[in-house]
Amino acid sequence: MIYSVIVDVSASEVDRIFDYTGEGYAVGTRVLVNFANRQTEGFIVEEKQTTDYDPAKLKPIIRALDDFTAISPQLLQLGQYMRSRYHLRWVDVLRLFIPAELRKNRVKVLSKKQICLATDDDLDVILNSLKSNATMQRDLVSYLYINGSALAEDINREFGFSAVNALLKKGIVCAHDITIRRTPYKDMPATPQDKRTLYSAQQNAVDTILSDPQGKFLLHGVTGSGKTEVYLTVMERVVATGKTCIMLVPEIALTPNMLRQLRQRFGDSVALLHSGLSVGERFDEWLRLKNGEAQIAVGARSAVFAPLNNIGAIIIDEEHDSSYVSDFNPRYNTVEVADYRARQNGAMLVLGSATPSLNSYYAAKQGKLKLIEMPERINKRPLPQVEIVDMTLETRRGNKGIFSQLLKQRLQHTIENGNQAMIFLNRRGYSSFLMCTKCGYVAKCADCDVSLTVHREDNMLKCHYCGKQYYMLDKCPNCHQSSFRYGKIGTQQVVDLLRQMFPDVNILRMDADTTQNKESHGKIIDAFKNGEAQILVGTQMIAKGHDFPKVTLVGILDGDQSLHYSDYLATERTFQLITQVAGRSGRDKDVGSVVLQTYTPTHYCLQLAAKQDYVGFYKREISLREASAFPPFSEIVRILYQGEKEKDCIDLLTEHYAQICNIKSNFSRDFYYLDKMRCPLRRAEKKFRFQILLKLSQNNLDAILQQIYAACDAVKRNGVQVFVERNPQNLS
Ligand code: ADP
Ligand code: ZN
């Protein structure tokens, strides 16, 4: 038999299939092959009878690498789709489908030696056979008699190696290997929850969804309308028919809460998949899904590739979230991938959000998704009152601080009443840059075109793009003076300022810096939920999804921060963010309030977000998009060039650009825009960055893109990476 193999090496030239011979391998198996005079790992992607190469020269596959088929035929097919849709290399796609550490054998099933009694005799009988001074052996036997069995490592430590060995030799105890399962959030209690009665809006949503098992739905429910319960009920019904489910949340920060609710409902049938788990946990959870031991996969973006068959439902919560669009290699759109997997499986696709993406809401209006509305909070609880504070006025009145008078009053009030507050600022660190007041020097990353953020806790300067750290400056490296100005305030400084204002109040912070340990998200959330702190400060990590019943105040600092980016998504993203953060307030008995601080108080985006008027915002924004032919009325495509040699990048870009101009001449009506330029972020991780930007009509999109992809493939250059992005969320 002949097998087509993708070798697992990432040099850009080899996105090619190589043929090998062998017998009895399943397609999707990882194998060891000889490649370029080295033993290399690879994936079998096809089995066939004939080859275009000289069959006599084909090398044999050396052996299979796992005792299971790593990639199912369905996922291979999905890979093929992603390859052609996003212009990806095989190897990058295939790597998405397996735990990274499976490669090079860096993770395996964990097994440990277990010791148990080898006889059924009574304890007295066994003890009588031992010497009376063999205390350790006697104690061990008694221990095992009561406890049944124990791990060798534990009893070796407790009773000593020689006692264990002696008993093994006498045949009184025996040893065997057992598999140890590594479980994320092992201590999370899974007490079954009392069955809830659905509210009528929830029941309607569930009925609508279940009436069409292959349907596509957009569940538009305001914050606190009880969407989670809808998802859980739908999954319950799907699992009851013997099918499997995938449940996606946008942030790792949201997985502990979702996991808890799923475990309460489904116990051990749930497996968690995301990059924040330990290597062993991720592998074991993946394997449980693969073996059919778990039927429900929950996680962030990458869980869409869960190794499940017979999928009945894929649910994407907060479907509008930009994290669903991968902005590094391999670049893909999770909602599109989920849609493909749902079609492959004849499964339903449920997208849920309080602030659906304009694309999804438009698709629903077009009848491509079935729209389900849940316009009220459960129990008819009111949405929070949002008050906009004009920070320019505040400054004119002499308040130069970051908190408005109103927010300070509200905070005081909330704390006095024993309630909780959340303060949102989408900027981590202490301050956004460090500038010399004498010469204007700004500290920048050596590898990226990014100014460094000041971090006070460890007194370092950090690049928020690549993570590189630098010692704090005491003198300007340029003019050697020591007078600095600090940039915009970040979450660390907000906490410092709050501590000065409220010295007796406990304050927690949740952002990328405080959540580097693998279970820290869950710990911070639990601590806040349990009332161990009264104020939670955070970035977009706290903005959505969370349900903290005692929060009655949300403060939004710099509410228009994201409004002033130049890309067409800025308004949509700002609206979503503000509506979502506001939605964290007043979710239980007490009415919530929100203080929204901004320098552009009259902007329609902020006005409508304050009213939580999604439909009003949608109408206004969609007509702007239509008038200016932005998505969903067109497709933005960016071709990104990255390389350490600037000239090579420019040369390749220029060649491709010429080719694309040729293509344009055949499709001139479909090209709304075409140009080449430097990226706004000119350099990142030592690489220069250039781009070709296109805005294309939907009409001949696939045909045009296939020609463009072919043109890109025809001319390559060593050291220059070329990536295609379709409707990217991030155009930096
Ligand atoms: P959303 O995701 O729409 O913002 P949630 O799913 O977090 O809203 O629900 C809001 C709150 O209402 C949660 O505290 C949830 O436990 C509670 N809740 C939802 N549905 C029910 C129900 N049927 N019975 C009782 N409580 C419910
Ligand atoms: Zn950097």
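The values are calculated or read from the model by the stated rules, or taken from the named source; none is laboratory data. Treat the numbers as computed from the prediction; the structure is a model and nothing was measured. All Cβ positions, even for glycine, are placed from backbone atoms using ideal geometry, and neighbour counts span all protein chains on display. Protein only, heavy atoms only, side chains kept; ligands, DNA and RNA dropped before computing areas. Shrake-Rupley method; radii C 1.70, N 1.55, O 1.52, S 1.80 Å.
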Restrict the check to the stretch 295-313 and report whether at least one residue is closer than 28 Å to Phe68 by Cβ, more than 16 Å from ligand 2 (Cβ to nearest atom), in contact with a His (Cβ under 6 Å, 6 or more places away or on another chain) and not hydrophobic (A, V, I, L, M, F, W, C). yes
Looking only at residues that are out of contact with any Ser or Thr (no Cβ under 7 Å at 6 or more places or on another chain) and open to solvent by 70 Å² or more (accessible area, probe 1.4 Å) in the stretch 463-475, which one is farthest from ligand 2 (Cβ to nearest atom)? Tyr471
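Name the helices (runs of 4 or more DSSP H) wholly inside the stretch 80-197 in which the number of residues that are of a type in the set (Phe, Trp, Tyr) and at pLDDT below 90 is 2 or more.
Details: elements: 90-96, 123-128, 135-147, 152-159, 161-170.
The helices (runs of 4 or more DSSP H) meeting that bar number zero.
Filter the helices (runs of 4 or more DSSP H) completely within the stretch 214-317 down to those with at least 2 residues that are within 16 Å of ligand 1 (Cβ to nearest atom), within 19 Å of the chain's Cα centre (by Cα) and β-branched (Val, Ile, Thr).
none
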Looking at Leu705 and the list (1) surrounded by fewer than 20 Cβ atoms within 10 Å (Cβ to Cβ); (2) within 21 Å of Val337 (Cα to Cα), which single condition is not satisfied? (1)
Considering each of Gly559, Gly583, Gly555, Gly538 in turn, give the residue that is in contact (Cβ under 8 Å) with a residue 12 or more places away in the chain, out of contact with any strand residue (DSSP E or B) (no Cβ under 6 Å at 6 or more places or on another chain) and crowded, with 24+ Cβ neighbours inside 10 Å. Gly583
Verdict on Ser162 being away from ligand 1 (no atom under 16 Å from the Cβ), under 27 Å from Arg377 (Cβ atoms) and out of contact with any Lys or Arg (no Cβ under 8 Å at 6 or more places or on another chain): no
Selection from the stretch 192-230 of residues that are touching a helix residue (DSSP H, G or I) at 6+ places or on another chain (Cβ under 7 Å) and either within 16 Å of ligand 2 (Cβ to nearest atom) or among the hydrophobic types (A, V, I, L, M, F, W, C) (or both): Leu198, Ala205, Val206, Ile209, Leu210, Phe217, Leu218, Leu219, Val230
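Might you check whether a residue that is of a type outside the set (A, V, I, L, M) and in a loop (DSSP other than H, G, I, E, B) occurs anywhere in the stretch 614-629? Walk me through how you get there before you give the answer.
Step one: list which residues in the stretch 614-629 are of a type outside the set (A, V, I, L, M), which gives 614, 616-621, 623, 625-626, 628.
Among the residues that remain, those that are also in a loop (DSSP other than H, G, I, E, B) are: none.
No, the stretch 614-629 has no match at all.
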Given the residues Asn426, Asn417, Asn478, which is the only one that is away from ligand 2 (no atom under 16 Å from the Cβ) and farther than 26 Å from Arg682 by Cβ? Asn417
State all residues of the stretch 435-460 that are over 27 Å from the mean Cα position of the chain (by Cα), open to solvent by less than 10 Å² (accessible area, probe 1.4 Å) and within 15 Å of ligand 2 (Cβ to nearest atom); if no residue qualifies, say none. Ala443
State the number of residues belonging to the stretch 340-351 that are open to solvent by less than 30 Å² (accessible area, probe 1.4 Å) and part of a helix (DSSP H, G or I). 3
Condition first: of a type in the set (S, T, N, Q) and either more than 30 Å from Gln469 (Cβ to Cβ) or surrounded by fewer than 19 Cβ atoms within 10 Å (Cβ to Cβ) (or both). Can you find one or more residues in the stretch 673-694 that meet it? no
Confirm whether Leu411 is open to solvent by 30 Å² or more (accessible area, probe 1.4 Å) and of a type outside the set (Asp, Glu). no
Tell me which residues, restricted to the stretch 100-117, are within 19 Å of Gly160 (Cα to Cα) and either open to solvent by 50 Å² or more (accessible area, probe 1.4 Å) or not β-branched (Val, Ile, Thr) (or both). Lys112, Lys113, Gln114, Cys116, Leu117
Checked pairs for the stretch 673-701, first part of a strand (DSSP E or B), second within 16 Å of ligand 2 (Cβ to nearest atom) and among the hydroxyl-bearing types (Ser, Thr, Tyr), C-beta under 7 Å and 6 or more apart or across chains, list as Cys679/Ser732; Pro680/Ser732; Leu681/Ser732; Ala684/Tyr465
Scanning the stretch 148-197 residue by residue, the ones that are open to solvent by 50 Å² or more (accessible area, probe 1.4 Å), polar (S, T, N, Q) and in contact with a strand residue (DSSP E or B) (Cβ under 9 Å, 6 or more places away or on another chain) total 1
Let me spell it out: the conditions are (1) in contact with a Cys (Cβ under 9 Å, 6 or more places away or on another chain); (2) at pLDDT 95 or above; (3) of a type outside the set (Gly, Ala, Ser), and Leu693 meets all of them except one. Which number is the exception? (1)
Suppose we filter Arg89, Arg30 for residues that are open to solvent by less than 30 Å² (accessible area, probe 1.4 Å) and touching an Asp or Glu at 6+ places or on another chain (Cβ under 6 Å); which single one remains? Arg30
Which listed residue, of Leu88, Leu117, Leu58, is within 32 Å of the chain's Cα centre (by Cα) and of a type in the set (A, V, I, L, M): Leu88
